[in-house]
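The values are calculated or read from the model by the stated rules, or taken from the named source; none is laboratory data. Nothing here was measured: the structure is a model prediction, and the numbers come from that model. Methodologically, a virtual Cβ is constructed for each residue, glycine included, from the backbone with ideal geometry; neighbour enumeration extends over all protein chains shown. Quick note on the areas: whole protein, heavy atoms, side chains included, nothing else; ligands and nucleic acids left out. Shrake-Rupley method; radii C 1.70, N 1.55, O 1.52, S 1.80 Å.
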Amino acid sequence: GESVGLHLPTLSVQEGDNSIINCAYSNSASDYFIWYKQESGKGPQFIIDIRSNMDKRQGQRVTVLLNKTVKHLSLQIAATQPGDSAVYFCAENKYGGFQKLVFGTGTRLLVSP
Amino acid sequence: GAGVSQSPRYKVAKRGQDVALRCDPISGHVSLFWYQQALGQGPEFLTYFQNEAQLDKSGLPSDRFFAERPEGSVSTLKIQRTQQEDSAVYLCASSLQETQYFGPGTRLLVL
């Protein structure tokens, strides 16, 4: 069925490396995508979002890329730090009108010093 | 400013007990959402309020689950006759426009 999924469940990187976390979505009607970071014992923390009329958006050390042709979303983290270690979720808004988010299962990012 | 708060943070219930989980959204946020997060999974939508109106409850897994937001601010998620499969983290989120801000969640363990 329709879902938001991730290719890699765990990503291990060295401090200072750039990290790329990928996500595939299946509903071409989705028009809003969000990346959340979730640390152990905490709720999801908003990182960055992107609308379907854009293909790239940059924040502080993070960039989200959207490829609507292949329904692919990625989060790039520059100069990854140990504090970036967490589970990252992509989510999509499948139903316009209000933001009923559909989340994937998450990718765990492990950053080694 | 204060974010979304939830209480209790942890709840242990015996099977068959009723539980009530509270959410205090960010002041002024019109929209409020409840999600359920199983271990190792992403959050799953339960229900949505716009002010005091519950506009979507399609994600509630059974009629044992009930949510309310009587004054359009604080919300309570109630689970009656808890079952072991109800064990999860229950997340509340609020939003003014599109971005949803999450609380820390209530971890429910049903024994």
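Go through segment B:94-106 and count every residue that is within 8 Å of another protein chain (Cβ to nearest Cβ) and either farther than 23 Å from A:Ala91 by Cβ or part of a strand (DSSP E or B) (or both). Count: 3. Filter segment B:1-47 down to the residues that are open to solvent by less than 50 Å² (accessible area, probe 1.4 Å), part of a loop (DSSP other than H, G, I, E, B) and either in contact with a Gly (Cβ under 9 Å, 6 or more places away or on another chain) or under 13 Å from B:Ala93 (Cα atoms) (or both) and list them by number. Answer for segment B:1-47, where residues must be open to solvent by less than 50 Å² (accessible area, probe 1.4 Å), part of a loop (DSSP other than H, G, I, E, B) and either in contact with a Gly (Cβ under 9 Å, 6 or more places away or on another chain) or under 13 Å from B:Ala93 (Cα atoms) (or both): B:Gly3, B:Val4, B:Pro25, B:Ile26, B:His29, B:Val30, B:Gly42, B:Pro43. The strands (runs of 3 or more DSSP E) located wholly in segment A:1-60 that include 2 or more residues which are at pLDDT below 95 occupy A:10-14, A:19-25, A:32-38, A:45-51. Which of the numbered conditions does A:Glu39 fail, given that it passes all the others? Conditions: (1) surrounded by 21 or more Cβ atoms within 10 Å (Cβ to Cβ); (2) within 14 Å of chain B (Cβ to nearest Cβ). Only one criterion in (1) surrounded by 21 or more Cβ atoms within 10 Å (Cβ to Cβ); (2) within 14 Å of chain B (Cβ to nearest Cβ) is unmet by A:Glu39, namely (1).
The residue pairs whose first member lies in segment B:43-72 and is of a type in the set (Val, Ile, Thr), whose second member is open to solvent by 80 Å² or more (accessible area, probe 1.4 Å) and modelled with pLDDT of 95 or more, and whose beta carbons are closer than 8 Å, counting only pairs six or more residues apart or on different chains, do not exist in this structure. Looking only at segment B:101-108, decide whether some residue is more than 30 Å from A:Ile48 (Cα to Cα), open to solvent by 10 Å² or more (accessible area, probe 1.4 Å) and not acidic (Asp, Glu). Looking through segment B:101-108, none of the residues is more than 30 Å from A:Ile48 (Cα to Cα), open to solvent by 10 Å² or more (accessible area, probe 1.4 Å) and not acidic (Asp, Glu). Only one of (1) in a loop (DSSP other than H, G, I, E, B); (2) surrounded by fewer than 21 Cβ atoms within 10 Å (Cβ to Cβ); (3) not hydrophobic (A, V, I, L, M, F, W, C) fails for B:Glu85. Which number is that? With respect to (1) in a loop (DSSP other than H, G, I, E, B); (2) surrounded by fewer than 21 Cβ atoms within 10 Å (Cβ to Cβ); (3) not hydrophobic (A, V, I, L, M, F, W, C), B:Glu85 is out only on (1). Cβ-Cβ distances below 6 Å connect no pair with a first residue in segment A:55-73 that is farther than 15 Å from A:Tyr88 by Cα, a second residue that is among the aromatic types (Phe, Trp, Tyr) and in a loop (DSSP other than H, G, I, E, B), and a separation of six or more residues or different chains. The residues of segment B:19-41 that are within 23 Å of B:Arg64 (Cβ to Cβ) and of a type in the set (Gly, Ala, Ser), listed by number, are B:Ala20, B:Ala38.
Here A:Gly106 passes the criteria (1) at negative phi; (2) buried (at least 17 other Cβ atoms within 10 Å of the Cβ); (3) under 14 Å from the mean Cα position of the chain (by Cα) except the one numbered (1).
Conditions (1) open to solvent by less than 30 Å² (accessible area, probe 1.4 Å); (2) within 14 Å of chain B (Cβ to nearest Cβ), marked per residue:
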site: A:Gly43; (1), (2): yes, yes
site: A:Gln60; (1), (2): no, no
site: A:Thr63; (1), (2): yes, no
site: A:Val70; (1), (2): no, no
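Of all residues in segment B:51-62, none are within 11 Å of chain A (Cβ to nearest Cβ), touching a Leu at 6+ places or on another chain (Cβ under 7 Å) and open to solvent by 40 Å² or more (accessible area, probe 1.4 Å). Condition first: of a type in the set (Asp, Glu), over 20 Å from A:Gln45 (Cβ atoms) and more than 10 Å from chain A (Cβ to nearest Cβ). Can you find one or more residues in segment B:64-84 that meet it? Yes, the conditions are met somewhere in segment B:64-84.
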